[in-house]
1. Read phi for every residue in the stretch 112-125 and hand back ³J(HN,Hα) as whole Hz from Karplus 6.51 cos²θ - 1.76 cosθ + 1.60, θ = phi - 60°, with x for Gly and Pro.
2. Rounded to the nearest 5, what % of the DSSP beta bridges within the chain are antiparallel ones?
3. How far is it, in nm, from the label point at ALA72 to the one at ALA2 when both lie 7 Å from their Cα along the line to the Cβ?
4. If you place +1 on the Cβ of every Lys and Arg and -1 on the Cβ of every Asp and Glu, how big does the dipole about the Cα centre of the chain come out, in debye to the nearest 20?
5. Which longest uninterrupted range of the chain lacks any chymotrypsin sites (Phe, Trp or Tyr not before Pro) assigned by DSSP to a loop state (not H, G, I, E or B) and surrounded by at most 13 other Cβ atoms within 10 Å?
6. With both bridge residues required to lie in the stretch 1-52, what share of the DSSP beta bridges run antiparallel, to the nearest 5%?
7. For HIS90 and THR52, compute 0.36 nm times the residue count separating them, minus their Cα-Cα distance, and round to one decimal in nm.
8. Under the definition of Cα pairs under 8 Å and six or more residues apart, what whole-number percent is the relative contact order of the stretch 1-52?
Amino acid sequence: MAITFDHTIIEARDNEATARWLTELFGLPTHQVMGYFAVVRIGGTSLDFISTADEIVPRHFAFLVSETEFDAIFGRLKASGQGWWANPFHKQPGEINRWDDGRGVYFDDPNGHSLEILTRPYGSGGLEAKHPNPLLRQAGSGS
């Protein structure tokens, strides 16, 4: 059997409101309620939101999307009036990164989790890309 990632549990103030927010933003089918969880299916995996009154420790979730999906999701993000950034540190507000000659943006969900949509996997453009991922370095560069 091949190992695949099935699901993760994500804390939220209101699990159903968060699931609804994500499905609307991403243009996904309506979430399903399963016991304590509001389940959002994305491909063969799911994000299982659970409500909590405890402190939420923000986590990061990145989604690889097509160029067409990026345009649609980013259009809905802009229309919502929500902010976005070109990097995970909330620097370069209102900008898109072009790493690996693709496009990517970071934004927060209603609970403070950092979400990212990107059109090219990290490092896929290599050092030959017009806009190489800043995380890449040449072998032997020492940095």
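Bear in mind these aren't lab numbers, they're just calculated from the coordinates by the rules spelled out. As the structure is a computational prediction, the values presented were derived from the model and not from experiment. Neighbour counts run over all protein chains shown; Cβ positions are idealised from the backbone, glycine included.
1. These are the phi-based 3J(HN,Hα) values: x, 5, 8, 10, 9, 10, 9, 9, 9, x, 3, x, 5, x Hz.
2. Looking only at bridges with both residues in the chain, the antiparallel portion is about 60 percent.
3. Calculated label separation equals 2.4 nm.
4. In debye, rounded to 20, the chain gives about 400.
5. Details: sites that count: PHE5, TYR36, PHE89.
It works out to 90-143.
6. Within the stretch 1-52, antiparallel bridges account for around 60 percent of the total.
7. 11.1 nm
8. Once normalised by length, the contact order is 44 percent.
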